[in-house]
Amino acid sequence: MKVTMLLEGTYPYIQGGVSSWMHQMIQAMQDYEFTLVYIGGKRQSHAQYRYKLPHNVIEVQEIYLQEAESGNEELYGWKKKEQDEMVHFFQTGELPSVETIWRLRQKKYTPTAESVLRSEWAWTALLNSYRTLPNTPGFSDFFWNWRSMWLPLLRLLRVSPPEGDLLYSPSTGYAGWYGAQIHRLTGRPLIITEHGIYAREREEEIIRANWIIGPLKAWWKDFFDHLSKVAYRDCTFLTTLSVVNQQAQLSYGADSARMRLIPNGINLEKFAQITPTLNRSFTIGAILRVVPIKDVKTLIRAMAIVVTQIPEAKLMLMGPQDEDPGYFAECQMLIESLGIGTSCVWTGPVNIMEYMPNLDCIVLTSISEGQPLVLLEAMAAGIPCVTTDVGACRELMKGLPGEDMQLGRCGFVTKLMTPEETGTAIVELARNPELRAEMGCIGRERVARYYQFDDVIKKYRDLFEEAVGGAAWPVSDLHYRRHSAAARV
């Protein structure tokens, strides 16, 4: 089977839970071939793969949504029907016909994506959208936001997809929307897995964004909601990692008949022999990317509370620091201002297996998560956790109703952005080694029963085979393939 992975801002350029899972999935499915379609913002000249690509990755295609195209030519030969379809697209987000998308992809008719936005009919669509907005913002602000909203989608529509049997995306957003368009045009089955709920994560970023003025924040939220709803509507199957996420997907309009629950998985044997080293200071581990969504500042403030009661405690901050240099600098300054510089250690990316014997607990203070692999790894290693109540974290710590919950808790769950709660939970673990041991045993047992890697991969294999086996090429695909063949001549 040939699988096309649609990857928005993750593997293979960015380290993290989603990227690690993609890498593990590809490695585990050696009999499948994978094409990676990496969707990024701007091309970075210094960017490097953070993973060694497995041998069954046969191609990598890159799409940069904010990359300027060369050429200033105007549109040529567009028919009135095609123009009207594009105006409708700008106003509703509904996909134009195969003929219009084919014209978008031909350089003869459409030199660049920007040339579409310079057209008279695109200007008409822009003005119509502006007039419908409540609390109308300044026109200049609206113009640049409108351009930033639609230009990435035009670029995606202009990209001819690679050949393959199945489309797979670990998110909705631009990647899921692009997959939905390929599915509608070609009939290829599309499977989407949401680790975190994309629309909610974008909403949180929009609220904090300084470059979006107040009246346009709701407009941007609606835009990202629309991307997710399109992906939900057109996918063959929609999987996620937790019951909490499924409830969120349903609230955004997902079809329950297409939904599947498949958790992340861990190779328990890999972590089975980890035992804590003795005669050292109480050590807290945080395995994360230093970015705002991980709320590292709450973790640092919690550590300031911990050292007032456990002065010898250490916090190991493990993971890449270069994704958001500005935020990393802010975190460093916060550590210094709180006077806990000697208690906090930045390690950069590490082999976590080498550090786990020296960790007494794992802490996560994210404001959004799916089902963090770092918590599953800690559980498999017998290390108790403290985590915010996001995504599947409560399920992991306390179990799902029934036999899982009867096992007991393997960590603490705290409210978002509450360093006091996080600090108090860490102190309780530090002062109670018996509780740490008990929680560690429960965590290992929960992984053994419900989160084994081989079981999870089998569920994905079965789902991939079911999707491909049930695929039916739509009549419109014959037309699409004829246009695509002509475009390659």
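The values are calculated or read from the model by the stated rules, or taken from the named source; none is laboratory data. In this text the structure is predicted, and so the values were computed from the model without any measurement. Positions of Cβ are backbone-derived with ideal geometry, glycine not excepted, and every protein chain shown enters the neighbour counts.
Assorted remarks:
- Of all the residues in segment 71-124, those that are among the β-branched types (V, I, T) and in contact with a Gly (Cβ under 7 Å, 6 or more places away or on another chain) number 1.
- Applying the set (1) within 18 Å of V159 (Cβ to Cβ); (2) assigned to a loop (DSSP other than H, G, I, E, B) to T4 leaves exactly one unmet item: (2).
- L396 vs. criteria crowded, with 19+ Cβ neighbours inside 10 Å and either outside any loop (DSSP other than H, G, I, E, B) or at pLDDT below 95 (or both): yes
- Out of E8, E59, one residue alone is in contact (Cβ under 8 Å) with a residue 12 or more places away in the chain, in contact with a strand residue (DSSP E or B) (Cβ under 6 Å, 6 or more places away or on another chain) and exposed (fewer than 15 other Cβ atoms within 10 Å of the Cβ). It is E59.
- Condition check for R158: touching a Lys or Arg at 6+ places or on another chain (Cβ under 7 Å) and free of Cβ contacts under 8 Å to residues at least 60 places away in the same chain: yes
- Here the condition is being of a type in the set (D, E), out of contact with any strand residue (DSSP E or B) (no Cβ under 8 Å at 6 or more places or on another chain) and either crowded, with 19+ Cβ neighbours inside 10 Å or over 19 Å from R202 (Cα atoms) (or both); of D141, D165, it holds for D141 alone.
- Odd one out for G16 among (1) crowded, with 20+ Cβ neighbours inside 10 Å; (2) closer than 22 Å to G164 by Cα; (3) out of contact with any helix residue (DSSP H, G or I) (no Cβ under 7 Å at 6 or more places or on another chain): (2)
- Of the helices (runs of 4 or more DSSP H) lying entirely inside segment 321-389, those carrying at least 1 residues that are in contact with a helix residue (DSSP H, G or I) (Cβ under 7 Å, 6 or more places away or on another chain) and either surrounded by fewer than 15 Cβ atoms within 10 Å (Cβ to Cβ) or modelled with pLDDT of 95 or more (or both) are 325-338, 373-380.
- Complete set of residues in segment 301-330 that are touching a Pro at 6+ places or on another chain (Cβ under 8 Å) and either among the aromatic types (F, W, Y) or without any contact (Cβ under 8 Å) to a residue 60 or more places away in the chain (or both): M318, D324, Y327
- Members of segment 158-210 that are of a type in the set (A, V, I, L, M, F, W, C), part of a loop (DSSP other than H, G, I, E, B) and closer than 25 Å to Q246 by Cβ: I197
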